[in-house]
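Presented below is the structure to which this report refers.
The values are calculated or read from the model by the stated rules, or taken from the named source; none is laboratory data. Note that the coordinates shown come from a computational prediction; the quantities given were computed from them, not determined experimentally. No Cβ is skipped: glycine too gets one built from the backbone with ideal geometry, and neighbour counts run over all protein chains shown. The protein model used for the area step is the full one, side chains on, heavy atoms only, and it has no ligands, DNA or RNA in it. Shrake-Rupley method; radii C 1.70, N 1.55, O 1.52, S 1.80 Å.
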Amino acid sequence: MKLPWHEAQWQQVVQRLRAQRLPHALLLHGPPGVGKQQFAHRLARLLACDQHAGEQWCGACRGCQLGEAGTHPEMLSIEPEDGKFDITVGQLRALLERCMLTRQLGSHRSVTVMPAERMNRSAANTFLKTLEEPPAGTIFILVSDNPAMLLPTIRSRCQLYRFA
């Protein structure tokens, strides 16, 4: 879903993607309710598109069809399990194991972590090790209402995108 108040951030991301200079980790941060999750989903869909020549996915390729169905093998996400507060180290390790596998489709794999500040200490330390040596072609998209709760070393390894 395209939101007009995201346009500046979207143009910046698309420009970096076209120049093949998209960082391996983005931190989308700002107050609750401004559409950070929608932006993350939109970016993951763009990365899944086999034809992403413009600012939007094509909607016709296999990557787009799988993305629309929610079954694209390269669009991964993690959030706290139902009834739990934290993202646990076990959840994160299972996700990171999938990141180490060879990609099946497309040139990028996206991993969305939301809310990123809900990683417990062990999970955050495990994630930090992955950010230091990210798998090739993997883009981590962290979504946070309160980035100050993230480890400073995680924040420092991400390109920050502020949503007001």
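Looking at (1) modelled with pLDDT of 90 or more; (2) open to solvent by 60 Å² or more (accessible area, probe 1.4 Å), which is the only condition Glu74 fails?
Here Glu74 meets the rest and fails (2).
Considering only residues that are surrounded by 21 or more Cβ atoms within 10 Å (Cβ to Cβ) and part of a loop (DSSP other than H, G, I, E, B), which ones fall in the stretch 17-56?
Scanning the stretch 17-56 gives Cys49, His52.
Go through (1) touching a residue at least 60 places away in the same chain (Cβ under 8 Å); (2) under 18 Å from His72 (Cβ atoms); (3) open to solvent by 50 Å² or more (accessible area, probe 1.4 Å) one by one and return the number of the condition Phe140 breaks.
The failed condition is (3).
Looking at Val14, Val113, which one is under 16 Å from Gln159 (Cβ atoms) and modelled with pLDDT of 95 or more?
On the way: Val14 fails: modelled with pLDDT of 95 or more.
Answer to the check: Val113.
What do you reckon, is Cys99 open to solvent by less than 30 Å² (accessible area, probe 1.4 Å) and more than 17 Å from the chain's Cα centre (by Cα)? Show your work before the answer.
Values: open to solvent by less than 30 Å² (accessible area, probe 1.4 Å): yes; more than 17 Å from the chain's Cα centre (by Cα): no.
Answer is no for this residue.
Would the stretch 8-27 turn up any residue that is at positive phi and touching a residue at least 12 places away in the same chain (Cβ under 8 Å)? If you could, list the steps in order and put the result at the bottom.
Let us first name the residues in the stretch 8-27 that are at positive phi, namely 20.
Still in the list and also touching a residue at least 12 places away in the same chain (Cβ under 8 Å): none.
Checked against the condition, which is being at positive phi and touching a residue at least 12 places away in the same chain (Cβ under 8 Å), the stretch 8-27 yields no hits at all.
Would you point out the residue of the stretch 124-154, among those that are hydrophobic (A, V, I, L, M, F, W, C) and under 25 Å from Gly70 (Cα atoms), that is nearest to the chain's Cα centre (by Cα)? Show your work before the answer.
So the first thing to find is which residues in the stretch 124-154 are hydrophobic (A, V, I, L, M, F, W, C), and the list is 124, 127-128, 131, 136, 139-143, 148-151, 154.
Narrowing further to those that are under 25 Å from Gly70 (Cα atoms): 127, 136, 139-143.
On the way: Phe127: 13, Ala136: 14, Ile139: 6, Phe140: 4, Ile141: 2, Leu142: 5, Val143: 8 Å.
Step by step, filter the stretch 124-154, then rank; the result is Ile141.
Test Gly63 against the criterion of being more than 16 Å from the chain's Cα centre (by Cα), under 17 Å from His108 (Cβ atoms) and small (Gly, Ala, Ser), and give yes or no. Show your work before the answer.
Numbers: more than 16 Å from the chain's Cα centre (by Cα): yes; under 17 Å from His108 (Cβ atoms): yes; small (Gly, Ala, Ser): yes.
Yes.
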